[in-house]
Amino acid sequence: MPQIAIRLFAHLRERAGGPAITIEVPDTATVATVRQCLARLWPDAVGLLEKSAVAVNEEYAAADRTIRPGDDVALIPPVSGG
Amino acid sequence: MVSLSTDAIDYETLTEAVRRPGSGAVVTFLGTVRDLTGDERTVALEYEAYPPMAERKMAEIEAEVRARWPVGDVVLVHRRGRLGVGEVSVAVAVSAPHRAEAFAACRYAIDRLKEVVPIWKKDLADDGQEKWVHPGCSPASAGGEA
């Protein structure tokens with residue numbers, strides 16, 4: 001199964017203990033697949049995961065967006081700039 | 001112009017930078033680190049960003065502002081790193097022919113920035129507690145300008 005690295009920030013970065021996490025996903029992985037994998041991995045953070053967005057190549061991505069090899073994937077928890 | 005900065009935001013220079021002969025109005029918004037949220041006392045805020053995406057989203061906001069209002073110029077700058085109480089975390093400066101446009105454009109830019117730009121703050125409280133601010137998730141948001 002292909003592996004993808006996911007950038008992490010803020011609470012989720014500290015929760016994971018590093019700036020990225022690598023997960024194995026099916027060949028036809030989408031943004032929704034990534035979210036499901038992470039929810040299984042971090043059941044205690046499901047509330048925050050549900051409210052987080054996923055960015056692909058530095059743009060917010062819809063749930064049905066396919067993840068391709070080489071895509072830059074990031075988990076964006078609710079933002080609090082300002 | 002948009003940027004993320006690890007240095008103090010020179011808002012006087014930014015305000016001067018947007019002034020134009022055709023702009024009769026300049027509005028500069030500053031977000032600053034507040035000491036109290038409810039009864040919780042903040043000693044500092046630590047700002048983290050996803051830099052390339054944050055600058056990309058800030059540039060989109062600049063483009064939206066230019067498309068919607070006849071601005072002379074618009075600048076958005078956000079700090080990164082640790083900021084003490086009273087420090088400027090974000091500045092938006094806008095010039096426009098008239099004040100209504102300048103106020104509206106500046107308001108829109110800071111509101112959008114707080115909605116879509118991937119920047120986060122961690123609240124460092126006087127009792128040693130550290131808490132990332134993720135609006136909509138408990139514990140409730142705290143800290144900087146709101």
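The values are calculated or read from the model by the stated rules, or taken from the named source; none is laboratory data. These figures come from a predicted structure and were not determined experimentally. Quick reminder, even Gly has a Cβ in these numbers, built from the backbone with ideal geometry, and neighbours come from all protein chains shown.
Tabulated results
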item: The range A:23-60, residues that are β-branched (Val, Ile, Thr), touching a residue at least 12 places away in the same chain (Cβ under 8 Å) and more than 11 Å from A:Leu75 (Cα to Cα); result: A:Ile23, A:Val25, A:Thr28, A:Thr30, A:Thr33
item: Among the residues listed as B:Arg34, B:Arg107, B:Arg41, B:Arg82, the single one being out of contact with any Cys (no Cβ under 7 Å at 6 or more places or on another chain), closer than 30 Å to B:Gly22 by Cα and of a type in the set (Lys, Arg); result: B:Arg107
item: Contacts under 8 angstrom Cβ, first residue in the range A:66-82 being within 12 Å of another protein chain (Cβ to nearest Cβ), partner of a type in the set (Asp, Glu) and in a loop (DSSP other than H, G, I, E, B), 6 or more apart; result: A:Asp72/A:Glu58; A:Ala74/A:Glu58; A:Gly82/B:Glu145
item: Number of the exception - B:Gly86 against (1) closer than 15 Å to A:Glu59 by Cβ; (2) touching a residue at least 12 places away in the same chain (Cβ under 8 Å); result: (1)
item: Residue ID - surrounded by the most Cβ atoms within 10 Å (Cβ to Cβ), chosen from residues in the range B:50-71 that are touching a residue at least 12 places away in the same chain (Cβ under 8 Å) and basic (Lys, Arg); result: B:Lys57
item: Residue selected from the range B:60-77 under the condition in contact with a helix residue (DSSP H, G or I) (Cβ under 7 Å, 6 or more places away or on another chain) and within 13 Å of chain A (Cβ to nearest Cβ), by the criterion nearest to B:Leu124 (Cα to Cα); result: B:Val77
item: Lone unmet requirement of (1) more than 22 Å from B:Lys57 (Cβ to Cβ); (2) away from chain B (no Cβ under 14 Å); (3) at pLDDT 95 or above; (4) over 12 Å from the mean Cα position of the chain (by Cα) for A:Ala32; result: (4)
item: Residue satisfying condition, being under 13 Å from the mean Cα position of the chain (by Cα), buried (at least 22 other Cβ atoms within 10 Å of the Cβ), of a type in the set (Lys, Arg) and farther than 20 Å from A:Val54 by Cα, within set B:Arg79, B:Arg107; result: B:Arg79
item: Some residue of the range B:43-64 being farther than 22 Å from A:Glu58 by Cβ, among the aliphatic types (A, V, I, L, M) and out of contact with any Asp or Glu (no Cβ under 9 Å at 6 or more places or on another chain); result: no
item: Residue within the range B:32-49 that is crowded, with 17+ Cβ neighbours inside 10 Å, over 16 Å from B:Lys131 (Cβ atoms), in contact (Cβ under 8 Å) with a residue 60 or more places away in the chain and touching a Phe, Trp or Tyr at 6+ places or on another chain (Cβ under 8 Å) present; result: yes
item: Lone unmet requirement of (1) touching a Phe, Trp or Tyr at 6+ places or on another chain (Cβ under 6 Å); (2) more than 29 Å from B:Asp126 (Cβ to Cβ) for B:Lys57; result: (1)
